[in-house]
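Enquirer: I have a structure here, written as structure tokens, and I will follow up with some questions on it.
The values are calculated or read from the model by the stated rules, or taken from the named source; none is laboratory data. Since this is a predicted model, take the numbers as computed values, not measurements. Cβ placement follows ideal geometry from the backbone for every residue including glycine, while neighbour counts extend to all protein chains displayed.
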Amino acid sequence: MVTFNRVILAGNLVRDPEIRYLPSGTSVTSFGIAVNHKYKQNNELKEEVSFFDIVVFGKQGENCAEYLSKGRPVLVEGRLRQRRWESEGTKRSKIEVVADGVQFLGSPRSGAGEGGSGGGSPQGAEAPDEDIPF
């Protein structure tokens, strides 16, 4: 059986990243992004917003926690993961994106991380919106 699980999203952070550490010492950073979709309906331009939870492990996640903040645009590549648990007798589940890569887009909104080395943003990652191929 062939399986494939890959997702690429470009959007803006809706909250500051939160970092925590597993008992093994591995860092886990989580944040949410909003992705807008514009479409026409009855000659009227409509906009739909989708919200996605992102999880980033290790050094890349540490860079996200240090240099990203609410409102900052990012491009996320990764896979979908469904977590399941039970709370007060009710079965719950959540789908999130486990990121393999996070590119920082635009420029920082505050002085944090400006001009520093090792910001987690690859050279040339700051591209205007019209350069994004989708």
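Enquirer: Does ARG83 satisfy being farther than 16 Å from LEU13 by Cα, assigned to a strand (DSSP E or B), of a type outside the set (Asp, Glu) and at pLDDT 95 or above?
Expert: No: the conditions fail for ARG83.
Enquirer: Moving on to the next point. Residues of the stretch 64-78 being surrounded by fewer than 21 Cβ atoms within 10 Å (Cβ to Cβ) and more than 18 Å from GLU96 (Cβ to Cβ), which ones?
Expert: GLU66, TYR67, SER69, LYS70, GLY71, PRO73
Enquirer: If I filter the stretch 58-84 down to residues being farther than 23 Å from PRO108 by Cβ and not aliphatic (A, V, I, L, M), which single residue comes out as farthest from the chain's Cα centre (by Cα)?
Expert: ARG84
Enquirer: Shifting gears a bit: Right, GLY120: of a type outside the set (Lys, Arg), within 17 Å of SER27 (Cα to Cα) and modelled with pLDDT under 95 or not? First the steps, then the outcome.
Expert: Details: of a type outside the set (Lys, Arg): yes; within 17 Å of SER27 (Cα to Cα): yes; modelled with pLDDT under 95: yes.
Yes.
Enquirer: Which of the residues belonging to the stretch 1-46 are more than 26 Å from LEU68 (Cα to Cα), outside any strand (DSSP E or B) and hydrophobic (A, V, I, L, M, F, W, C)?
Expert: Of everything in the stretch 1-46, those that are more than 26 Å from LEU68 (Cα to Cα), outside any strand (DSSP E or B) and hydrophobic (A, V, I, L, M, F, W, C) turn out to be MET1, VAL2, PHE4.
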